[in-house]
Amino acid sequence: MLTTLTFGFVGGGNLATALIGGLIARGVPPSSIRVADPYAPARERLAREQRVHTVETPDVELAGSDVIVMATKPQQFREAAEQLLPHLRTAGSRGLVVSVAAGIRLQDIQRWLGGHARVVRSMPNTPALAGKGMTGLSAPAALSAEDRAVATALAEAVGQCLWLDNDAQMDAVTAVSGSGPAYVFYVIEAMERAATELGLSAAQGRQLAIETFRGAAALAAQSSEPVATLRERVTSKGGTTYAALTVLEQSGVGEAFVKAVHAAAARGAEMGEEFGREG
């Protein structure tokens, strides 16, 4: 499906680079990809490493792509959309626009693009850089099945994806999986610190922590049982795991994590209001 399409990227940062690499790995010719980025070193890197065509700002050729990926920072999204809009009109483009910018709502994407109908909002996370991303997707109810399939294939070029029932759920996705890698890194950092305090080297602590996360996640992914059941199986009454989890529970770690995710979701909603404000 993807190999017959042309792609235009507005923004050439890390996430765009990951998506471009995923597309090329799946057979999309570099000549079918055009990237606009104002930062010269980013353009030079993409041209050198990915062999794609780069430009400083969006142009008519990019606007005429079958799929346009808006990969700017949230605070730069509106300006980028305003730069793209006249070229969309000149090209008479009705291409599929996919946003990967956190906090930018569907209604605002469509408004800034002059009522463009074929729009998908997505929220990937940084493991996309390793081909292990998790992406939430939302779209207007009228979006065609074909466009949904294209957006799915794009997201799956760097991992897995999940379609949402409505755009309001994207704040929860942002809080759980979008920000989620930072929570994992936070715990890995703590485990590394504990390992060194217990006499292991930093390298040993890092390997033990990372491989434990990797293995536990793989076990949870392949099991149909609740995660709580898997946890209970590791926790013998009076054993070492029991001692550790007792401290975590007494310290309110579980409740703190839930509050943290709620705070991230609330901030996502605030960002949508801030960036989408009229004026």
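Tabulated values for the structure
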| quantity | calculated |
| --- | --- |
| Anisotropy class of the range 2-170 from Cα gyration tensor, a/c 1.5 cut | rounded |
| Distant-in-sequence amide H partners of PHE9 (H built 1.01 Å from N, under 5 Å) | ARG34, VAL35, ALA36, VAL69 |
| Distance between modelled label sites at LEU162 and THR57, nm, 7 Å Cα→Cβ extension | 4.0 |
| Cα long-axis angle, helix 202-222 against the chain (0 to 90 degrees, to the nearest 10) | 80 |
| Gaussian network model of the chain, Cα within-10 Å springs - most flexible of ALA16, ALA209, ALA42 | ALA209 |
| GNM flexibility winner over the chain from LYS237, LYS132, LYS259 (Cα, springs under 10 Å) | LYS237 |
| The range 127-226 - percent relative contact order, Cα under 8 Å, separation 6 or more | 23 |
| Residue order, fewest to most surrounding Cβ atoms within 10 angstrom, among THR17, THR196 | THR196, THR17 |
| Two-site label geometry, MET191 and TYR39: point separation in nm, points 7 Å out along Cα→Cβ | 3.1 |
| Percent antiparallel among DSSP beta bridges (both partners in the chain, rounded to 5) | 10 |
| ILE210-ARG26 pseudo-label distance in nm [points 7 Å out on the Cα-to-Cβ vector] | 2.7 |
| Linear extension gain, ALA228 paired with GLN250, 0.36 nm per residue minus alpha-carbon span | 6.1 nm |
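Each reported figure results from applying straightforward, stated rules to the coordinates on display, with no laboratory input. Everything numeric here is computed off the predicted structure, so don't read it as measured data. All Cβ positions, glycine included, derive from the backbone under ideal geometry; neighbour counts span all protein chains shown.
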